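Everything on this sheet refers to the single structure shown next.
The values are calculated or read from the model by the stated rules, or taken from the named source; none is laboratory data. Bear in mind that the values here come from a model prediction, so they are computed numbers and not experimental data. Every residue, glycine as well, gets a Cβ built from its backbone with ideal geometry; the counts of neighbours run over all protein chains shown. Heads up: the accessible areas ignore ligands, DNA and RNA and are worked out on the full protein's heavy atoms, side chains in. Shrake-Rupley method; radii C 1.70, N 1.55, O 1.52, S 1.80 Å.
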Amino acid sequence: MTTRRTALLASGAVLTALAFTMPIHAQDRAPETPPAMSPGTITPPSVEQSPRPQSEAEFLALSAVQAIEKRDGGPDGLNAVIALNPNWYQETRDASRTRTMLRGRTVLVKDNIETRELPTTAGSLSLKDNRTGRDAPLIANIRRNGGVILGKTNLSEWANIRSNDSTSGWSAVGGLTRNPHAIDRNSCGSSSGSGAAVAAGFAWGAIGTETNGSITCPASINGVVGFKPSVGIVSRTHVVPISSTQDTAGPMTKIVFDAALLLTAMAGEDPADSATLTAQNRTNYASGLSNFSLEGVRIGVMRNQIGNRDDVRDIFTQSLADLERAGAVLVDVEFEVNNQMFADSFTVLLFELREGMNAYLESIPAIGGTGDETDSDVAPRSLADLIAFNEANAETEMRWFDQGLFLVAEQTTDREAYEKARENAVRIAGKETLDVLLANNNVDFLVAPTRGPAWVSDLVVGDNFNSSIGFGSPAAIAGYPHLTVPMGAVEGLPVGISFFGAKWDDHAVLKLGAAYEKVRTADLPTPSFERWKPAD
């Protein structure tokens, strides 16, 4: 586990401070980035080897490499980055000279999304050599629009669908991702490495994936912006799956404008993903953000989803006051949650995990082998193969938690029950919850805290979520947009505010988030890269 990662990232302090300065523009800046990798060694260019940066993009890429080298490895490192593109520097230079949308901005990618130059592991040793040579369509779109794929981020193994007793942010390939605001605290999952990396300045932006909270939770807890778009805006082809109903990739950045820009670059139709063919209102999501007015905007405040922490309530109340002072009309929203959607959604995830994982594993090339015709295909080809691999490698894969969800998913085969559960879950979450709340209260958006502050990471005991805070599940289950934006901190630990809208109202939700950023009065914390201490 740690040996492979150390080999990939331990390149030494080869990049010293550069005597080169250039302006950084708040809404049009180029990337921050990680180091370069090849499967076993990293050889980023030294100061002597590197040409003098000739663009803002090159300068920020080099600066980000320095940050990775300083902060990601070692006993107190973040473990946010699994692997890096060996051609990051040249690709940054080339892209920065184009007139494309991103012009050399650097992007880290969650390691369940395929990129042509790196393995796609989903954090599991069973896929540590899974080099497909393919770009997922969303990655191809980013490259086409001038983005530079800097590397892969750590994640909760198998996107946190293996066990109910997992510790978010841990994978057998990457170890435990640490929160840059307090390295003994959790970074949430499953897009833990993406959230931590953006907060730490390892990249201009990162891609996460979400089935239920896996973009928004790590974004909130690491103090960055995270956007889960409507399902269908972004292709899921060549992304290690959980659920065809709920899965989507989405951007994680420092500010809302950057998230909107990255979403614009990665979105698009894909004939291999039918959900993308039904998407509506696909647009330039970064347009109109700077001049969106909160005056008269009606926002439903979900009071019962604020949770049981007074400190989170106080920060959220301050955020509401900011919105109201800018002209927003706040409407208290109270309702009874129909818990049947959660049970039905769980059935959907288990059934679709088995079917989707089997199809994905069948699509990947052979891994390793001796070259002999009878021994060349050692890739896992089914969920059953993964279960067998974990059992055979229990010391490394199952030291900290089991594979109970894999075992249940393998036995979830009743299609009639699945189809009924899917219809119920999507209907209840969408039409009977979010749509009803928006319509009956005559509001354009809904708002709630995203999550509470980060908990202490504990591999033995597992996660310690405060389930009383937030309301992200209905948007995840129904495939509606969900944006989280930093709103302050509890004792130096970030917390976010969530904005929800109707299906396909992604652009409007992003506009709202950008408007909130401009009027936010709370101070935001800066990563300490140390263990948590009480605030002064």
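Restricting to segment 274-285, give me the number of residues that are assigned to a loop (DSSP other than H, G, I, E, B) and touching a residue at least 40 places away in the same chain (Cβ under 8 Å).
Residues that pass the stated criteria total 6.
Please specify each residue of segment 117-134 satisfying the condition of being touching a helix residue (DSSP H, G or I) at 6+ places or on another chain (Cβ under 8 Å) and open to solvent by 30 Å² or more (accessible area, probe 1.4 Å).
Hits for segment 117-134 are Leu125, Lys128.
Given the condition open to solvent by 10 Å² or more (accessible area, probe 1.4 Å), closer than 18 Å to Ser168 by Cα and either within 11 Å of the chain's Cα centre (by Cα) or at pLDDT 95 or above (or both), answer yes or no: does some residue in segment 216-239 qualify?
So far as segment 216-239 goes, yes, one or more of its residues are open to solvent by 10 Å² or more (accessible area, probe 1.4 Å), closer than 18 Å to Ser168 by Cα and either within 11 Å of the chain's Cα centre (by Cα) or at pLDDT 95 or above (or both).
Among the residues of segment 335-355, is there at least one that is in a helix (DSSP H, G or I), closer than 29 Å to Pro453 by Cβ and touching a Lys or Arg at 6+ places or on another chain (Cβ under 7 Å)?
Taking every residue of segment 335-355 in turn, none turns out to be in a helix (DSSP H, G or I), closer than 29 Å to Pro453 by Cβ and touching a Lys or Arg at 6+ places or on another chain (Cβ under 7 Å).
Across segment 340-359, what is the total count of residues that are small (Gly, Ala, Ser) and either touching a Gly at 6+ places or on another chain (Cβ under 6 Å) or open to solvent by 30 Å² or more (accessible area, probe 1.4 Å) (or both)?
2
Does segment 322-330 contain at least one residue that is more than 14 Å from Leu512 (Cα to Cα) and either outside any loop (DSSP other than H, G, I, E, B) or open to solvent by less than 20 Å² (accessible area, probe 1.4 Å) (or both)?
Yes, there is a match, as at least one residue in segment 322-330 is more than 14 Å from Leu512 (Cα to Cα) and either outside any loop (DSSP other than H, G, I, E, B) or open to solvent by less than 20 Å² (accessible area, probe 1.4 Å) (or both).
List the pairs whose first member sits in segment 410-439 and is within 23 Å of Asp505 (Cα to Cα), whose second member is surrounded by fewer than 18 Cβ atoms within 10 Å (Cβ to Cβ), and whose Cβ atoms are under 6 Å apart, counting only residues at least 6 apart or on separate chains?
Pairs found: Ile428/Asn338.
Condition (residue is farther than 26 Å from Gly223 by Cα, assigned to a helix (DSSP H, G or I) and not aromatic (Phe, Trp, Tyr)) applied to segment 440-452: is it met by at least one residue?
Checked against the condition, which is being farther than 26 Å from Gly223 by Cα, assigned to a helix (DSSP H, G or I) and not aromatic (Phe, Trp, Tyr), segment 440-452 yields at least one hit.
Give Ser498, Ser467, Ser528 a once-over and let me know the one that is surrounded by fewer than 23 Cβ atoms within 10 Å (Cβ to Cβ), closer than 30 Å to Asn424 by Cβ and among the polar types (S, T, N, Q).
Result of the check over Ser498, Ser467, Ser528: Ser467.
For segment 144-166, check the following and say yes or no: at least one residue is basic (Lys, Arg), out of contact with any helix residue (DSSP H, G or I) (no Cβ under 6 Å at 6 or more places or on another chain) and buried (at least 24 other Cβ atoms within 10 Å of the Cβ).
Scanning segment 144-166 turns up at least one residue that is basic (Lys, Arg), out of contact with any helix residue (DSSP H, G or I) (no Cβ under 6 Å at 6 or more places or on another chain) and buried (at least 24 other Cβ atoms within 10 Å of the Cβ).
Spot the failing condition for Glu362; the list is (1) within 30 Å of Ile161 (Cβ to Cβ); (2) outside any loop (DSSP other than H, G, I, E, B); (3) in contact (Cβ under 8 Å) with a residue 24 or more places away in the chain; (4) open to solvent by 70 Å² or more (accessible area, probe 1.4 Å), and only one is missed.
Looking at each condition in turn, Glu362 falls short on (3).
Quick check, is Val337 more than 27 Å from Glu157 (Cα to Cα) and open to solvent by less than 60 Å² (accessible area, probe 1.4 Å)?
Judged against the criteria, Val337 is a match.
Filter segment 457-470 for residues that are β-branched (Val, Ile, Thr) and out of contact with any strand residue (DSSP E or B) (no Cβ under 6 Å at 6 or more places or on another chain); which is nearest to Glu491 (Cα to Cα)?
Selected residue: Val461.
As an exercise: evaluate Thr396 against (1) part of a helix (DSSP H, G or I); (2) polar (S, T, N, Q); (3) crowded, with 18+ Cβ neighbours inside 10 Å and give the number of the one condition it does not meet.
Condition (3) is where Thr396 drops out.
Among the numbered criteria (1) open to solvent by 40 Å² or more (accessible area, probe 1.4 Å); (2) modelled with pLDDT of 95 or more, which one does Arg105 miss?
Just one mismatch for Arg105, condition (1).
Quick grid of which residues meet (1) small (Gly, Ala, Ser); (2) modelled with pLDDT under 95; (3) closer than 30 Å to Pro534 by Cβ; (4) part of a loop (DSSP other than H, G, I, E, B):
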residue: Leu437; (1), (2), (3), (4): no, no, no, no
residue: Asp458; (1), (2), (3), (4): no, no, yes, yes
residue: Asn466; (1), (2), (3), (4): no, yes, yes, yes
residue: Gly470; (1), (2), (3), (4): yes, no, yes, yes
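Could we say that Lys533 is open to solvent by 10 Å² or more (accessible area, probe 1.4 Å), in a helix (DSSP H, G or I) and touching a residue at least 12 places away in the same chain (Cβ under 8 Å) here?
Here the answer is no, as Lys533 does not meet what is asked.
Please state which one of Ser319, Ser274 is hydroxyl-bearing (Ser, Thr, Tyr) and loosely packed, with under 15 Cβ neighbours inside 10 Å.
So the residue among Ser319, Ser274 that is hydroxyl-bearing (Ser, Thr, Tyr) and loosely packed, with under 15 Cβ neighbours inside 10 Å is Ser274.
Which condition does Ala522 not pass, out of (1) open to solvent by 10 Å² or more (accessible area, probe 1.4 Å); (2) farther than 18 Å from Leu294 by Cβ; (3) among the aliphatic types (A, V, I, L, M), if it passes all the others?
Among (1) open to solvent by 10 Å² or more (accessible area, probe 1.4 Å); (2) farther than 18 Å from Leu294 by Cβ; (3) among the aliphatic types (A, V, I, L, M), Ala522 violates only (2).
In segment 63-180, which strands (runs of 3 or more DSSP E) lie fully inside it and hold 3 or more residues that are over 29 Å from Ile387 (Cβ atoms)?
It comes to 106-110, 148-153.
Return the only residue of Gly147, Gly151 being within 15 Å of the chain's Cα centre (by Cα), modelled with pLDDT of 95 or more and farther than 25 Å from Leu349 by Cα.
Selected residue: Gly151, the only one of Gly147, Gly151 that is within 15 Å of the chain's Cα centre (by Cα), modelled with pLDDT of 95 or more and farther than 25 Å from Leu349 by Cα.
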